[in-house]
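Undergrad: This is the structure, below, for whatever I ask next.
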């Protein structure tokens, strides 16, 4: 889930950046401090959007820098359990697939891709179903649900697990095939019910 968050901080502008416009200098230091960091309450800070000083700068004796109180807006991403989203496969390994979730990757373990037996081809880096009708590779777009979230102090330490086993989830081609099968099955069931009903009417006569 993406959201805009308003934050406050005190930023030191170093002498080498004092030739820049104040907002530009503050924006530079805020990006350096916050982007790709993680806060347990707001999630992963993807980008600093704006920087607005709220008062005059303060000089500390012996420090050549100037300190400013700043209000700023940031775009953050907070992964939520049970959130369903579209994602692209960016790596396929023997134990599953890594998919892109904006600023971070999540893992769809082999056991969570589908209920059928799967094999991994190390040479082609493709995971294939037993009946050969389902396969998944780098670049495929999938619909998956977040199942576990473990936010850590850094993006590299944070772990997100996803599943594609529930009905209507999975690689886009798979979900379309499932919808067609369901539609065909529904039409067939409806036709059979209609035929039984007509037969029953004839028997009554």
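The values are calculated or read from the model by the stated rules, or taken from the named source; none is laboratory data. None of these values were measured; they are calculated from a predicted model. Reconstructed Cβ throughout: ideal geometry from the backbone, glycine too, with neighbour counts over all protein chains shown.
Undergrad: Just the residues that are surrounded by fewer than 13 Cβ atoms within 10 Å (Cβ to Cβ), closer than 18 Å to residue 168 by Cα and touching a helix residue (DSSP H, G or I) at 6+ places or on another chain (Cβ under 9 Å), please, taken from segment 84-117.
TA: Across segment 84-117, the qualifying residue is only 86.
Undergrad: Failed condition for residue 21, given (1) exposed (fewer than 13 other Cβ atoms within 10 Å of the Cβ); (2) under 21 Å from the mean Cα position of the chain (by Cα), with all others met?
TA: For residue 21, the failing item is (2).
Undergrad: Go through (1) at pLDDT 95 or above; (2) touching a strand residue (DSSP E or B) at 6+ places or on another chain (Cβ under 8 Å) and name the single condition residue 64 misses.
TA: Unmet for residue 64, out of (1) at pLDDT 95 or above; (2) touching a strand residue (DSSP E or B) at 6+ places or on another chain (Cβ under 8 Å): (2).
Undergrad: So if I check each of 7, 30, 85, 26, which one is closer than 23 Å to residue 144 by Cβ and touching a residue at least 40 places away in the same chain (Cβ under 8 Å)? Break it down stepwise before answering.
TA: Details: 7 fails: closer than 23 Å to residue 144 by Cβ; 30 fails: closer than 23 Å to residue 144 by Cβ; 26 fails: closer than 23 Å to residue 144 by Cβ.
One residue alone meets the criteria, 85.
Undergrad: Okay, moving on. Restricting attention to segment 136-151, and to residues there that are without any contact (Cβ under 8 Å) to a residue 60 or more places away in the chain and surrounded by fewer than 17 Cβ atoms within 10 Å (Cβ to Cβ), which single residue is nearest to residue 38 (Cα to Cα)? Write out each step before concluding.
TA: Of the residues in segment 136-151, the ones without any contact (Cβ under 8 Å) to a residue 60 or more places away in the chain are 136-143, 150.
Filter once more, keeping what is surrounded by fewer than 17 Cβ atoms within 10 Å (Cβ to Cβ): 137-139, 141, 150.
Values: 137: 30, 138: 27, 139: 27, 141: 26, 150: 11 Å.
So, considering only residues that are without any contact (Cβ under 8 Å) to a residue 60 or more places away in the chain and surrounded by fewer than 17 Cβ atoms within 10 Å (Cβ to Cβ), the one nearest to residue 38 (Cα to Cα) is 150.
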